[in-house]
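Okay, so here's the structure we're looking at.
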Amino acid sequence: MKIFSVKKIPTMSWSSSYPLNFNPRLSTVTALCFGLIIFGVGEATLIAAGLGVSPWTVLAQGFSVTSGLSIGWSTFIISLVVLTFWLPLKQMPGIGTILNALIIPIVIELLLPWLPRPDSDLLKIIQVVFGIILVGIGSGCYLISNLGPGPRDGLMTGLQLLTGRPIALVRTLLEISVVALGWLLGGTVGIGTLMFALGIGSAVSLSLYSIKLFFK
């Protein structure tokens, strides 16, 4: 299906012409911030579901266990390490890279206390699916804005360009690798983690395809 075989980030009317644009249009910044906020809402929704965190948070937990640092500092250090992989992949950071590291944690911090924490396993699974969809939508919006992806998404797009494989496949394999490493280091893994790892690639691909289809 075309929806799950997207190989290129589409260019829209609000997309920046290049990632290192430090004077972007208001529409570009708006789309970027909207995407990052939706991403943060999705991550918070996953955490509140209580069925396991996203793969990169599992990795942060594992690094925290082995290093003794907090998850916050572990997440920051992992982001720096991921950014070093950008160099050989020829990825360019931008405003979006910085705002990614700022907006998403703020949204999670503010929203998490207000989200439902269901007791029913079925409701938890539904909440996890909803969170994955939101993360996919948010990823699509800020990737298309082209103001520099977040550290992890830059790694995804760089690997996609290097390999020529579909975005859904690259993202899925990347998430599975990250969660496996995080688990080996002592991170917590649950059914929600597995659902995220298997579903986020398709969610991002669906988001990119839908935005291109409905917002030409």
Nearest 10, in degrees from 0 to 90: the angle of helix 55-67 to the longest Cα principal axis of the chain is 60
Put Leu51, Leu20, Leu123, Leu87 in order of accessible area, largest first, probe 1.4 Å, and you get Leu87, Leu123, Leu20, Leu51
Which longest run of the chain has no exposed loop site in it, a site being chymotrypsin sites (Phe, Trp or Tyr not before Pro) in a DSSP loop with at most 14 other beta carbons within 10 Å, and the site itself not part of the run? 86-214
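Would you calculate, for the chain, the mean residue ellipticity at 222 nm contributed by helices, counting each DSSP H stretch of 4 or more residues as -39,500 (n - 2.57) and dividing by all residues, to the nearest 500? Intermediate results must be reported in sequence, preceding the final value.
Values: 9 runs with 153 residues, N = 216.
When only DSSP H runs of four or more count, the value is -23500 deg cm²/dmol.
Count the net charge of all other residues whose Cβ sits under 14 Å from the Cβ of Asn146, scoring Lys and Arg as +1 and Asp and Glu as -1. Show your work: numbers first, answer last.
Values: positive: Lys8, Arg25, Lys212; negative: Asp153.
With Lys, Arg at +1 and Asp, Glu at -1, the neighbours total +2.
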Dimensions of the chain along principal axes (Cα, Å, largest first)? 44, 35, 34
Which of the peptides 100-110, 151-161 is most tightly packed, and how do the rest follow, judged by the mean count of other Cβ atoms within 10 Å per residue? 151-161, 100-110
Can you work out the accessible area per residue across the chain, with the rest of the protein chains kept in place, probe 1.4 Å, in square angstrom? 51
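At a 1.4 Å probe radius, carbon and sulfur cover how many percent of the accessible area of the chain?
On the way: 7990 of 10940 Å².
Summing carbon and sulfur atoms, their accessible area is 73 percent of the total for the chain.
The values are calculated or read from the model by the stated rules, or taken from the named source; none is laboratory data. Model, not experiment: these values are computed from the prediction. As a convention, Cβ positions derive from the backbone with ideal geometry for all residues, glycine included, and neighbour counts pool all protein chains shown. All accessible areas refer to the heavy atoms of the entire protein, side chains included, with ligands and DNA or RNA removed. Shrake-Rupley method; radii C 1.70, N 1.55, O 1.52, S 1.80 Å.
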